[in-house]
1. Would a scan of region 12-28 turn up a residue that is at pLDDT below 95, closer than 24 Å to residue 201 by Cβ, within 16 Å of the chain's Cα centre (by Cα) and not in a helix (DSSP H, G or I)?
2. For the list (1) closer than 25 Å to residue 15 by Cβ; (2) open to solvent by less than 10 Å² (accessible area, probe 1.4 Å), I need the number of the one condition that residue 166 fails.
3. Need pairs with beta-carbon distance below 9 Å; first residue touching a residue at least 60 places away in the same chain (Cβ under 8 Å) and within region 124-143, second open to solvent by 30 Å² or more (accessible area, probe 1.4 Å) and of a type in the set (Lys, Arg); sequence gap 6+ or separate chains.
4. Out of the residues in region 97-124 that are more than 14 Å from the chain's Cα centre (by Cα) and outside any strand (DSSP E or B), which is nearest to residue 58 (Cα to Cα)?
5. Where in region 188-236 are the strands (runs of 3 or more DSSP E), entirely inside, with at least 1 residues that are aliphatic (A, V, I, L, M), open to solvent by less than 80 Å² (accessible area, probe 1.4 Å) and free of Cβ contacts under 8 Å to residues at least 24 places away in the same chain?
6. Would you check if residue 25 is in contact with a strand residue (DSSP E or B) (Cβ under 9 Å, 6 or more places away or on another chain), under 23 Å from residue 197 (Cβ atoms) and open to solvent by 40 Å² or more (accessible area, probe 1.4 Å)?
7. Which of the following residues is open to solvent by less than 30 Å² (accessible area, probe 1.4 Å), under 25 Å from residue 226 (Cβ atoms) and among the hydrophobic types (A, V, I, L, M, F, W, C): 105, 113, 109, 130?
8. Step by step: first the residues of region 83-96, then only those that are open to solvent by 50 Å² or more (accessible area, probe 1.4 Å) and in a strand (DSSP E or B), then the one that is modelled with the highest pLDDT. Which residue is that?
Amino acid sequence: MTPTPPLPACCTPLLDHWPFPEAVAGARLLSTGFDPARLDPEDFARWGIPQPRGVSKRQAEYLAGRLCAHQALRCVTGRPGVPATAEDRSPVWPAGVVGSITHGAGWAAAVVASNTACRGIGLDVERLLAATRAERLAGEILVPDELAQLNGLDEASRAERITLAFSFKESLFKALYPMVRQRFYFEAAQVTELAEGHARLRLLADLTPEWRTGVELRGQYAEVDGRLLTLVSIPA
């Protein structure tokens with residue numbers, strides 16, 4: 001058996017954890033912090049991860065995300081691997097699993113689950129939007145019903161809700177795109193409920209005969225190291 005390479009100097013030790021309030025059968029989530037200033041390009045070859053083009057930040061986040069995916073695959077399947085990248089830049093997961101990768105603000109994570117437990121899974125991390133930026137983006141992120149839900153909330157609560165709506169719509173896209181194979185945007189869904197780490201989302205567009213307007217999905221959210229993390233999982 002090939003020995004595991006040393007952890008890249010730009011990454012903190014991988015954490016195998018589940019920050020959400022409800023477990024997802026057969027799923028594992030691994031995360032790491034990363035520092036682009038400590039990136040060693042040789043780590044791509046050591047781990048068998050293709051080196052992307054771009055600045056060190058782009059390369060470090062890609063390395064950290066694929067490293068988490070590599071180890072999450074090992075946990076779920078017993079076989080490590082690195083998801084390929086499709087022409088549309090989405091990860092291509094091995095047969096028998098679904099997964100999702102996210103990174104931002106010096107932190108990366110991947111979640112992998114058996115496709116006997118999940119048909120799709122999406123993960124996203126976001127820094128809490130500053131209040132002024134959240135208000136500026138609200139009209140782009142939220143549909144009218146979501147904007148109405150902001151009424152009566154204080155500034156901090158409004159910013160958190162807008163950030164969560166953005167993140168959940170990103171997670172929803174990651175969970176559904178491998179099945180619907182078409183791009184959709186913020187206006188195609190709304191977050192109808194948010195409470196105690198749980199969420200409910202509703203489609204507002206017809207994506208396929210199965211995934212039509214009115215279909216509802218469940219999500220979960222958590223705070224991890226000052227970041228908001230969202231998950232949408234679709235049971236098999």
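The values are calculated or read from the model by the stated rules, or taken from the named source; none is laboratory data. The model shown is predicted, which means the values in this text are computed figures rather than measured ones. A quick note on method: Cβ atoms are made from the backbone with ideal geometry, for glycine too, and the neighbour counts reach across all protein chains shown. These accessible areas exclude ligands, DNA and RNA; they are computed on the full protein's heavy atoms, side chains included. Shrake-Rupley method; radii C 1.70, N 1.55, O 1.52, S 1.80 Å.
1. As a first pass, look at region 12-28 and keep what is at pLDDT below 95: 25-26.
Checking the rest, the ones that are also closer than 24 Å to residue 201 by Cβ come to 25-26.
Next, only the ones that are within 16 Å of the chain's Cα centre (by Cα) stay: none.
There is no residue in region 12-28 that is at pLDDT below 95, closer than 24 Å to residue 201 by Cβ, within 16 Å of the chain's Cα centre (by Cα) and not in a helix (DSSP H, G or I).
2. (2)
3. Listed by first residue and then by second, the contacts come to 124/174.
4. Narrowing region 97-124 to residues more than 14 Å from the chain's Cα centre (by Cα): 97, 106, 114-119.
Those left that are additionally outside any strand (DSSP E or B): 106, 115-117.
Details: 106: 11, 115: 30, 116: 33, 117: 32 Å.
Looking at residues that are more than 14 Å from the chain's Cα centre (by Cα) and outside any strand (DSSP E or B), I get 106.
5. On the way: elements: 189-195, 198-203, 216-224, 227-235.
Of the strands (runs of 3 or more DSSP E) lying wholly inside region 188-236, those with at least 1 residues that are aliphatic (A, V, I, L, M), open to solvent by less than 80 Å² (accessible area, probe 1.4 Å) and free of Cβ contacts under 8 Å to residues at least 24 places away in the same chain span 189-195, 198-203.
6. Numbers: in contact with a strand residue (DSSP E or B) (Cβ under 9 Å, 6 or more places away or on another chain): yes; under 23 Å from residue 197 (Cβ atoms): yes; open to solvent by 40 Å² or more (accessible area, probe 1.4 Å): yes.
Here the answer is yes, as residue 25 does meet what is asked.
7. Working: 105 fails: open to solvent by less than 30 Å² (accessible area, probe 1.4 Å); 113 fails: under 25 Å from residue 226 (Cβ atoms); 130 fails: open to solvent by less than 30 Å² (accessible area, probe 1.4 Å).
Among 105, 113, 109, 130, only 109 is open to solvent by less than 30 Å² (accessible area, probe 1.4 Å), under 25 Å from residue 226 (Cβ atoms) and among the hydrophobic types (A, V, I, L, M, F, W, C).
8. So the first thing to find is which residues in region 83-96 are open to solvent by 50 Å² or more (accessible area, probe 1.4 Å), and the list is 84-85, 87, 89, 92, 94-95.
The next check asks that each one be in a strand (DSSP E or B); those that pass are 84-85, 92.
Values: 84: 86, 85: 85, 92: 91.
Filtering first and then ranking leaves 92.
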